[in-house]
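Every read-out reported here was derived from the displayed coordinates using simple, explicitly stated rules and does not represent laboratory data. Everything numeric in this text was worked out from a predicted model, so none of it was measured. Neighbour counts are summed over all protein chains in view; Cβ atoms, including those assigned to glycine, are modelled from backbone coordinates with ideal geometry.
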Amino acid sequence: MEKTFLMVKPDGVQRNLVGEIVKRFEAKGFKLVGAKLMVISNDLAANHYGEHKERPFFGELVNFITSGPVFAMVWEGENVILTARDMMGKTNPLEAASGTIRGDFGMTVGKNVIHGSDSPESAEREIGLFFDKSEVVTYSKQDSVWIY
Ligand code: RTP
Ligand code: MG
């Protein structure tokens, strides 16, 4: 089953949006298979955002993402990579549609609340960067036991 890496950025953690964001992906029907609150090192940030290292905002981006705890997650489900990007909305909250996470909560292009992998290749790379194999859990939902 497809997996993606999602992360509530420092602004989202500070603004108490972790629960709201987790709730949206749970309600959509995706399965949470890994999660942790962590502070990202400079090395991990530079590696994670390596594709942007020549961009003028790179320093600011690394400073911001390392400025406080983030909530890193692995989610599983059919088409979860693209669907999660859709649910996040456009990078710039000013352009993100209402009803998307960035449209509803994002403040600026820098403080846009959530990160999500943009392709199967980046999902695999980012899950590997943030999670040990043992931290990504395989389990099935036992609806017949927990729900009528
Ligand atoms: P992310 O990687 O964080 O999920 O965001 P994204 O795919 O929607 O956007 P991306 O192009 O990968 O950019 C990564 C992050 O860099 C910041 N950014 N700042 N000042 C600027 O013009 C600018 N452009 C991008 C954003 O915080 C964006 O999320
Ligand atoms: Mg990106």
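Among 11-17, 110-116, what's the highest-first ranking by average C-beta atoms within 10 angstrom per residue?
110-116, 11-17
Students often get this wrong: which residues of region 39-77 have the backbone nitrogen under 11 Å from the point 7 angstrom along Cα-to-C-beta of residue 141?
76-77
What full-extension length gain, to one decimal in nm, is calculated for residue 134 and residue 148 as 0.36 nm per residue of separation minus the Cα-Cα distance?
Gain on stretching residue 134 to residue 148: 1.8 nm.
So what's Rg/Rh here for the chain, counting alpha carbon atoms and using the Kirkwood radius for Rh?
0.96
Could you please report the charge total around residue 17, scoring K, R as +1 and D, E as -1 over all other residues with beta-carbon less than 15 angstrom from its beta-carbon?
+2
For the chain, modelled as a GNM with alpha-carbon contacts under 10 angstrom, which of 86, 104, 132 fluctuates the most?
Greatest mean-square fluctuation among the candidates belongs to 132.
For residue 3, go through the aspartates and glutamates and keep the ones whose alpha-carbon is under 12 Å away, minus same-chain ones fewer than eight residues off.
Answer for residue 3, where 12 Å is the Cα cut-off: 76, 78, 118, 121, 124, 126, listed by chain and number.
Set the Förster distance to 25 Å, then compute FRET efficiency between residue 47 and residue 2 from the Cβ-Cβ distance, nearest 0.05.
The pair residue 47/residue 2 has a calculated efficiency of 0.65.
Build a GNM of the chain with springs between Cα atoms under 10 Å: which of 107, 73, 87 gets the top mean-square fluctuation?
Result: 107 has the largest fluctuation of those listed.
Run the dipole for the chain about the Cα centre, Lys and Arg Cβ at +1, Asp and Glu Cβ at -1, nothing else charged, and hand back the magnitude in debye, nearest 20.
Dipole size: approximately 320 debye.
Most fluctuating residue of 69, 93, 56 in a GNM of the chain with Cα springs under 10 Å: which is it?
Evaluated over the chain, the most mobile residue of the options is 56.
Do any of 90/133; 9/133; 31/133; 9/90; 53/133 go past 20 Å between their Cα atoms, and which?
The pairs that break the limit, which is 20 Å between Cα atoms, are 90/133; 9/133; 53/133.
Excluding residues fewer than 8 places away in the same chain, name every one of the aspartates and glutamates whose C-alpha is closer than 12 Å to that of residue 36.
132, 135
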